[in-house]
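Participant: Got a structure for you, written out below as structure tokens; questions coming shortly.
The values are calculated or read from the model by the stated rules, or taken from the named source; none is laboratory data. Since the model is a prediction, treat every value here as computed from it, not as a measurement. Note that we place each Cβ from the backbone using ideal geometry, even for glycine, and neighbour counts take in every protein chain shown. All accessible areas refer to the heavy atoms of the entire protein, side chains included, with ligands and DNA or RNA removed. Shrake-Rupley method; radii C 1.70, N 1.55, O 1.52, S 1.80 Å.
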Amino acid sequence: MKLKSIRVQLTAWYLGVLAIGLGIFSASSWYGMRTIAFRTVDEELEDHIRDVEKFLKQQDPTRSLSETGAKLRERSQLAPAADLLQVSDEHGNWLYRSPALEHSGVTLRPVAQLGSQPVFEVLSIQSEPVRFATARVVVRGHSWVVQTAESLQELSEELNRFDLLLRWLIPGLLALAGVGGYWISRRALQPVGRITAAAESISIHNLGGQLSVPRSGDELQRLSETLNRMLGRLNESVQRMSQFTADASHELRAPVSLIRTTAELAIQSERSRAEAREDLMTILTEAERVSRLIDSLLLLARADAGEDGLQRELTDLPAILRQAVEQCRAPAVEKNIQLHSLPGDQSVAVIGDAEAMRRLFFILVDNAVKYTPAGGQIDVRLETTGKRAIVSVTDTGIGIAETELPYIFDRFWRADRVRSRGMGGAGLGLSIARWISERHQWEIKTGAGPDGGSRFTVTIPRADLGSHPG
């Protein structure tokens with residue numbers, strides 16, 4: 001049994017609280033029983049004092065002290081509670097003393113120290129506890145001191161027996177409660193053991209496994225469901241990483257193999273100057289392709305790590321859009337594609353990273369150029385509606401099938417993998433475009449164009465120039 005296990009800690013806490021509760025209950029019960037017993041004894045002693053007062057009022061005032069004492073002695077012999085009684089007048093002269101108290105050495109308090117209410121105290125007579133009540137009684141102008149008592153021996157024995165019962169009963173109850181509590185906690189935590197065993201059996205190779213969910217409707221069920229959802233997310237992440245690694249390796253293998261083959265042929269065979277130049281151009285082209293791919297991979301890796309490095313500042317959106325379009329002008333002219341740009345002459349201020357914005361729009365326009373056949377058309381527009389600016393890139397290219405729209409922004413995904421690789425694409429551009437949009441909290445969408453091609457739109461909030469005076 002591990003001392004740090006939850007079931008042991010729960011049992012210890014349970015026993016601790018129960019022990020405190022039983023301790024408070026036991027002490028309260030013992031003191032309550034003692035208080036009630038003392039109150040009963042005190043009431044009996046008060047009744048006895050009132051009986052003596054009544055007796056004194058009934059006596060003939062002409063009688064002497066000895067005659068009244070004799071009458072009181074006769075009466076006391078008939079009363080069972082009168083064996084502990086002594087009475088004196090205000091001068092200390094004894095009216096009556098019971099034999100049990102006569103040699104006890106118990107003295108009466110002076111009249112001046114007594115009031116109308118009895119004074120209670122516990123004294124010991126021959127090692128026996130006795131409860132005394134002493135009061136001043138006034139009869140026809142004369143003060144008397146009346147003291148009566150009752151043995152507490154029987155009461156003390158009862159309290160001792162009750163105390164002994166508690167001392168034996170409470171440890172026994174705690175022992176039974178401890179065993180029962182440990183058994184209950186062990187039974188209640190059995191699903192935790194099963195969850196732990198199942199979790200230990202899951203590794204990176206079988207993240208698709210699921211924990212058994214107890215249908216108990218409690219925290220354990222919610223814990224199992226939460227862990228299963230976490231395992232599902234981890235499994236998706238690992239699958240994406242594995243697919244990402246495989247796709248990256250595949251994309252890098254082709255240009256690296258081409259560079260190696262071209263270099264080997266150039267070294268092993270006699271090549272003319274023109275052929276050598278052509279080989280070098282091939283190597284340079286593939287090296288640039290690899291460099292772009294590596295840059296994209298590094299950017300996405302930093303994005304996955306939560307490091308964007310973006311500098312958000314007040315930026316003129318039409319100027320950024322014109323720069324991106326001009327970068328794609330030459331490839332469009334080479335393919336005889338009409339590239340129309342209507343960013344407008346009016347300044348539209350937005351908050352964002354200028355370089356990231358330029359890259360976003362370049363990706364969209366460059367993508368349109370790649371997938372639009374010769375003689376096609378691309379329209380780049382900037383519209384403003386209220387507090388929003390909408391940039392749209394529409395082409396007359398091959399378009400995107402309805403079934404492929406959910407995957408268009410996935411990494412290494414291409415609508416036509418064979419033709420895309422021939423166009424120099426690696427399937428990372430739109431993933432980067434979506435990441436830039438998400439980091440700026442913009443909205444990017446795609447759909448079919450009016451002439452069968454594709455249409456991408458980016459919705460950007462316009463800057464509040466009142467809060468950005470610069």
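Participant: Just to be sure before I move on: is residue 349 in contact with a strand residue (DSSP E or B) (Cβ under 8 Å, 6 or more places away or on another chain), in contact (Cβ under 8 Å) with a residue 40 or more places away in the chain, surrounded by fewer than 20 Cβ atoms within 10 Å (Cβ to Cβ) and closer than 17 Å to residue 437 by Cβ in the structure I sent?
Facilitator: When the stated conditions are applied, residue 349 does not pass them.
Participant: Select from region 52-62 the residues that are open to solvent by 70 Å² or more (accessible area, probe 1.4 Å) and modelled with pLDDT of 75 or more and list them in ascending order.
Facilitator: 54, 57, 58, 60, 61
Participant: Between residues in region 92-105 that are of a type in the set (A, V, I, L, M, F, W, C) and residues that are in a helix (DSSP H, G or I) and open to solvent by 60 Å² or more (accessible area, probe 1.4 Å), which pairs lie under 6 Å by C-beta distance while being six or more apart or on different chains?
Facilitator: Pairs that qualify, where the first residue is of a type in the set (A, V, I, L, M, F, W, C) and the partner is in a helix (DSSP H, G or I) and open to solvent by 60 Å² or more (accessible area, probe 1.4 Å), are 100/83.
Participant: Report whether or not residue 396 is polar (S, T, N, Q), surrounded by 16 or more Cβ atoms within 10 Å (Cβ to Cβ) and modelled with pLDDT of 80 or more. Explain how you work it out, then say what you get.
Facilitator: On the way: polar (S, T, N, Q): yes; surrounded by 16 or more Cβ atoms within 10 Å (Cβ to Cβ): yes; modelled with pLDDT of 80 or more: yes.
In short, yes.
Participant: I'm checking my understanding of the structure. Among residues of region 444-470 that are open to solvent by 80 Å² or more (accessible area, probe 1.4 Å) and modelled with pLDDT of 90 or more, which one is nearest to the chain's Cα centre (by Cα)?
Facilitator: So, considering only residues that are open to solvent by 80 Å² or more (accessible area, probe 1.4 Å) and modelled with pLDDT of 90 or more, the one nearest to the chain's Cα centre (by Cα) is 445.
Participant: Another question, then. Just give me the residues in region 250-266 being open to solvent by 50 Å² or more (accessible area, probe 1.4 Å) and either of a type in the set (Ser, Thr, Tyr) or modelled with pLDDT of 80 or more (or both), in sequence order.
Facilitator: Within region 250-266, 257, 260, 261 meet the criteria.
Participant: On to the next question. Which pairs turn up if I take residues in region 306-335 that are in a loop (DSSP other than H, G, I, E, B) and look for partners that are charged (D, E, K, R) with beta carbon separation below 8 Å, at least 6 apart in sequence or on another chain?
Facilitator: 308/302; 308/439; 309/302; 310/353; 310/439; 311/353; 312/353; 328/366
Participant: Next question, about the same structure. Conditions first: (1) within 18 Å of residue 136 (Cβ to Cβ); (2) small (Gly, Ala, Ser); (3) free of Cβ contacts under 8 Å to residues at least 40 places away in the same chain. Residue 64 passes all but one, so which condition is the exception?
Facilitator: Result: residue 64 fails condition (1) only.
Participant: Please work out which one of (1) among the charged types (D, E, K, R); (2) over 30 Å from residue 159 (Cα atoms); (3) within 60 Å of the chain's Cα centre (by Cα) is the condition residue 73 fails and give its number.
Facilitator: (3)
Participant: Suppose we filter 149, 133, 177 for residues that are open to solvent by less than 30 Å² (accessible area, probe 1.4 Å), farther than 17 Å from residue 39 by Cα and not polar (S, T, N, Q); which single one remains? Spell out how you get there, then give the answer.
Facilitator: Working: 149 fails: farther than 17 Å from residue 39 by Cα; 133 fails: farther than 17 Å from residue 39 by Cα.
Step by step, each of 149, 133, 177 is checked, and only 177 is open to solvent by less than 30 Å² (accessible area, probe 1.4 Å), farther than 17 Å from residue 39 by Cα and not polar (S, T, N, Q).
Participant: Shifting gears a bit: List every residue pair whose Cβ atoms lie under 9 Å apart, where the two residues are 6 or more positions apart in sequence or sit on different chains, the first residue falls within region 115-137 and is closer than 16 Å to residue 83 by Cβ, and the second residue, located anywhere, is hydroxyl-bearing (Ser, Thr, Tyr) and open to solvent by less than 30 Å² (accessible area, probe 1.4 Å).
Facilitator: 132/148; 133/148
Participant: Would you confirm whether any residue within region 364-375 is within 16 Å of residue 436 (Cα to Cα), open to solvent by less than 20 Å² (accessible area, probe 1.4 Å) and either in contact with a helix residue (DSSP H, G or I) (Cβ under 7 Å, 6 or more places away or on another chain) or of a type in the set (Phe, Trp, Tyr) (or both)?
Facilitator: Scanning region 364-375, I find at least one residue that is within 16 Å of residue 436 (Cα to Cα), open to solvent by less than 20 Å² (accessible area, probe 1.4 Å) and either in contact with a helix residue (DSSP H, G or I) (Cβ under 7 Å, 6 or more places away or on another chain) or of a type in the set (Phe, Trp, Tyr) (or both), so the answer is yes.
Participant: Another question, then. Among the numbered criteria (1) at pLDDT 90 or above; (2) assigned to a strand (DSSP E or B); (3) open to solvent by less than 50 Å² (accessible area, probe 1.4 Å), which one does residue 381 miss?
Facilitator: (3)
Participant: Search region 267-304 for residues being open to solvent by less than 70 Å² (accessible area, probe 1.4 Å) and not in a helix (DSSP H, G or I), and hand back the single one that is modelled with the highest pLDDT.
Facilitator: Here the residue is 272.
Participant: Now, a different point. With respect to residue 230, is the statement that it is at pLDDT 70 or above and over 21 Å from the mean Cα position of the chain (by Cα) true? Talk me through it step by step, then tell me what you get.
Facilitator: Working: at pLDDT 70 or above: yes; over 21 Å from the mean Cα position of the chain (by Cα): no.
Answer is no for this residue.
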